[in-house]
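Reviewing the structure listed below.
The values are calculated or read from the model by the stated rules, or taken from the named source; none is laboratory data. Every value quoted in this text rests on a predicted model; they were computed, and no experiment measured them. Ideal geometry is used to build each Cβ from the backbone, glycine not excepted, and the neighbour counts take in all protein chains shown. Only protein heavy atoms, including side chains, enter the accessible area calculation; ligands, DNA and RNA are left aside. Shrake-Rupley method; radii C 1.70, N 1.55, O 1.52, S 1.80 Å.
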Amino acid sequence: MMKLDLSARLPWIGIVLVALALAVLPFALAGIGTTWVRITNLALLFALLALGLNIVVGFAGLLDLGYIAFYAVGAYVYALLASPQFGLHLPFWAIIPLGALVACIFGVLLGAPTLKLRGDYLAIVTLGFGEIIRIFLNNLSQPVNITNGPQGISRIDSFRLGDFDFGKSEMLFGLNFSGPIKYYYLLLLVLIVIIVVNMRLQHSRIGRAWEAIREDEVAARAMGIDTTRMKLLAFAMGASFGGIAGGIFSSMQGFISPESFVLVESIMVLAMVVLGGMGNIWGVILGALLLSFVPELLRHTIEPLQRSLFGRSIVEPEVVRMLLFGLALVLMMLYRPAGLLPSAVRRRELARKSVEP
Amino acid sequence: MNARAPLLQVTGLAVSYGGIKAVKGIDLEVASGEMVCLIGANGAGKTSTLKAIAGLLPVARDSIRFESEPIGGRPAFELVRRGLALVPEGRGVFSQLTVDENLAMGAYIRRDHAEIRRDLDNIFDLFPRLKERRQQTAGTLSGGEQQMLAIGRALMSRPRLLLLDEPSMGLAPLVVARIFEIITEVARQGVTVLVVEQNARLALQRCDRGYVMESGVVTLHDTASALLDNDQVRKAYLGE
Ligand SMILES: Nc1ncnc2c1ncn2[C@@H]1O[C@H](COP(=O)(O)OP(=O)(O)OP(=O)(O)O)[C@@H](O)[C@H]1O
Ligand SMILES: [Mg+2]
């Protein structure tokens with residue numbers, strides 16, 4: 001009887017422990033250095049992005065190589081409406097939804113003409129789309145200066161609710177809540193909301209429709225699924241999440257420029273999704289955290305290690321990072337092609353493909 | 001019976017792919033409760049006809065009427081809701097989903113969960129083999145089982161008209177006979193059936209009426225028994 005009770009409670013005990021750990025984490029990290037809180041925040045932001053891309057790639061099976069463009073759109077919407085650029089300082093709770101909406105519209109704009117494309121062709125068009133957005137941002141400083149071109153936009157407002165400013169340190173309950181720590185809690189909250197949305201989506205009629213489309217589009221239509229609408233919906237929802245993440249990024253950094261939204265970033269987010277396990281929410285989050293933290297850990301260990309061993313730095317940390325990244329991807333494709341935490345269906349797909357000639 | 005409009009009425013249906021005319025203005029009717037077959041050689045335009053009826057090809061609006069409503073060119077997802085279901089050529093099951101998941105996908109347009117469960121039981125009565133393999137992925141089923149699954153999945157949308165494209169394709173004669181027995185049973189339960197077949201003899205033995213198609217046109221149509229006795233049909237399609 002005792003035992004049964006305990007095992008019924010066990011998941012709850014686990015959840016409480018994880019929640020506690022997540023709650024104290026930023027203070028522990030702040031003890032090592034505020035940089036680590038910032039790194040954690042960026043990791044959480046990438047988890048948001050990866051979950052957004054997972055809707056498009058993992059759920060609906062549409063390969064999108066320009067996803068960072070929606071992040072850029074969200075970031076610029078926020079920056080333009082809350083910075084000295086136009087002298088506008090609108091509140092964040094008004095701009096973030098607007099950024100999501102504008103990103104969503106861009107998502108549909110990208111989705112609509114590409115509906116008939118699949119696989120490689122879709123990848124190329126989305127890649128081009130991502131680049132077009134970046135180039136626009138880079139050049140919209142003439143004849144009318146909108147984006148400030150390559151210089152980017154600086155002194156972007158941090159989130160503010162009344163007197164509570166996410167950009168400033170504050171003593172609360174005898175603890176020092178620095179700006180990054182406040183953003184940490186905000187990001188965690190947004191992440192939880194987006195995880196819940198993703199989980200509900202996956203098991204909804206919409207999620208099943210995406211699954212059918214991924215498997216066989218003609219058969220999906222014959223089941224009564226409006227494939228056009230469902231594909232657009234995937235693009236729109238993924239884009240909205242990207243837009244929200246972009247807005248938070250903008251306010252958190254206080255400075256953005258087109259350089260933050262290059263192709264490599266799109267590929268990085270895609271790598272997080274693939275490495276973690278396409279279609280599996282926890283896998284995608286794991287992928288985002290790994291690809292965010294491991295490079296930072298390397299950065300902080302490789303240099304000092306080389307210095308203490310050879311007295312100087314021989315190999316750049318960046319080189320080691322790319323080397324390990326490439327190696328990790330190759331090993332993954334060989335041993336865990338469906339990702340670290342594969343989704344049930346993907347696991348089956350790959351299992352079958354490897355049996356068939 | 002004659003006074004009432006047929007469930008499906010095809011008039012002057014034309015299908016072309018780019019410049020190629022695959023179907024050149026055919027007429028065809030299926031009355032409610034009938035079981036009708038469409039036979040013909042490879043490339044005659046049978047699949048094109050069926051796909052057009054199911055809403056998978058663009059055609060003139062008035063060339064297809066379902067329950068007197070013009071439906072030509074309406075999208076497939078809308079026609080499923082009106083009561084048309086297609087079992088495509090080559091089955092088109094979701095190969096990585098389980099049997100259960102495939103059948104659930106067939107009921108995508110429905111929300112009456114209790115009724116869905118009842119229909120599921122009915123389908124497992126029709127296809128006991130599927131019941132034994134509920135958790136198996138569709139891609140690992142045998143060809144015959146996949147065909148059964150495709151039919152079961154189509155039935156899950158509760159169609160009034162079931163369109164089948166070559167259910168015998170690639171199956172052993174015994175399995176084909178079994179599949180046709182089941183289709184006849186489905187028709188007996190009140191579903192109207194239009195089936196495209198290469199296996200003319202079997203189809204004509206099971207159906208009420210038949211249409212013969214040749215390079216995009218209907219060359220003959222009659223009751224199935226008359227077609228079985230027709231010299232032309234016997235020579236060209238029954239190998240006598
Ligand atoms: N997507 C397509 N593009 C171009 N031509 C096509 C296409 N689909 C079919 N056709 C052509 O249309 C004609 C009729 O094809 P259809 O598939 O309707 O024949 P069928 O009677 O079903 O033949 P089978 O018994 O071999 O299945 C053929 O000549 C075929 O080559
Ligand atoms: Mg055919």
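Could you grab me the full set of residues in the range B:76-91 that are touching a Lys or Arg at 6+ places or on another chain (Cβ under 9 Å) and within 16 Å of ligand 1 (Cβ to nearest atom)?
Keep residues of the range B:76-91 that are touching a Lys or Arg at 6+ places or on another chain (Cβ under 9 Å), which gives B:76-77, B:80, B:82-89.
Selection gives B:Ala76, B:Leu86, B:Val87, B:Pro88, B:Glu89.
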Scan the range A:244-264 for residues that are under 10 Å from the mean Cα position of the chain (by Cα) and not hydrophobic (A, V, I, L, M, F, W, C) and report the count. 1
Given (1) touching a helix residue (DSSP H, G or I) at 6+ places or on another chain (Cβ under 9 Å); (2) more than 16 Å from ligand 2 (Cβ to nearest atom), identify the lone condition not met by B:Asn230. (1)
Filter result for A:Ala220 (assigned to a helix (DSSP H, G or I), more than 21 Å from A:Cys104 (Cα to Cα), among the small types (Gly, Ala, Ser) and open to solvent by less than 40 Å² (accessible area, probe 1.4 Å)): yes
Failed criterion for A:Ala220 (all others in (1) within 23 Å of the chain's Cα centre (by Cα); (2) within 13 Å of another protein chain (Cβ to nearest Cβ) hold): (1)
Has the range A:161-181 got any residue that is of a type in the set (D, E, K, R), open to solvent by 10 Å² or more (accessible area, probe 1.4 Å) and closer than 21 Å to A:Ala28 by Cα? yes
Mind checking which residues of the range B:40-78 are aromatic (Phe, Trp, Tyr) and open to solvent by less than 40 Å² (accessible area, probe 1.4 Å)? B:Phe66
Candidate set from the range A:10-52 (those that are of a type in the set (Val, Ile, Thr) and surrounded by 11 or more Cβ atoms within 10 Å (Cβ to Cβ)); member that is farthest from A:Ile181 (Cα to Cα): A:Val16
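This table checks each residue for (1) open to solvent by 10 Å² or more (accessible area, probe 1.4 Å); (2) at pLDDT 95 or above; (3) under 22 Å from B:Ile123 (Cα atoms); (4) not aliphatic (A, V, I, L, M).
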| residue | (1), (2), (3), (4) |
| --- | --- |
| B:Leu161 | no, yes, yes, no |
| B:Leu174 | yes, no, yes, no |
| B:Arg178 | yes, no, yes, yes |
| B:Arg209 | yes, yes, no, yes |
| B:Leu220 | yes, no, no, no |
| B:Ser225 | yes, no, no, yes |
Taking the range B:148-179 on its own, how many of its residues are within 16 Å of ligand 1 (Cβ to nearest atom) and away from chain A (no Cβ under 14 Å)? 7
Pairs needed: first member in the range B:167-181, closer than 16 Å to B:Arg129 by Cβ; second member anywhere, surrounded by fewer than 17 Cβ atoms within 10 Å (Cβ to Cβ); C-beta distance under 7 Å; at least 6 residues apart or different chains. B:Leu171/B:Gly143
Within the range B:14-66, residues being within 19 Å of the chain's Cα centre (by Cα), of a type in the set (Lys, Arg) and more than 15 Å from ligand 1 (Cβ to nearest atom) number 1
Which ones in the range B:82-107 are among the small types (Gly, Ala, Ser), in a loop (DSSP other than H, G, I, E, B) and either under 14 Å from B:Ala54 (Cβ atoms) or more than 9 Å from chain A (Cβ to nearest Cβ) (or both)? B:Gly83, B:Gly90, B:Gly92
Inspect the range B:49-65 for any residue being more than 14 Å from chain A (Cβ to nearest Cβ), within 15 Å of ligand 2 (Cβ to nearest atom) and either within 29 Å of B:Gly239 (Cβ to Cβ) or part of a strand (DSSP E or B) (or both) and give the result as yes or no. yes
Please state which of the following conditions B:Gly239 fails to meet, knowing it meets all the rest: (1) in a loop (DSSP other than H, G, I, E, B); (2) away from ligand 2 (no atom under 16 Å from the Cβ); (3) at pLDDT 90 or above. (3)
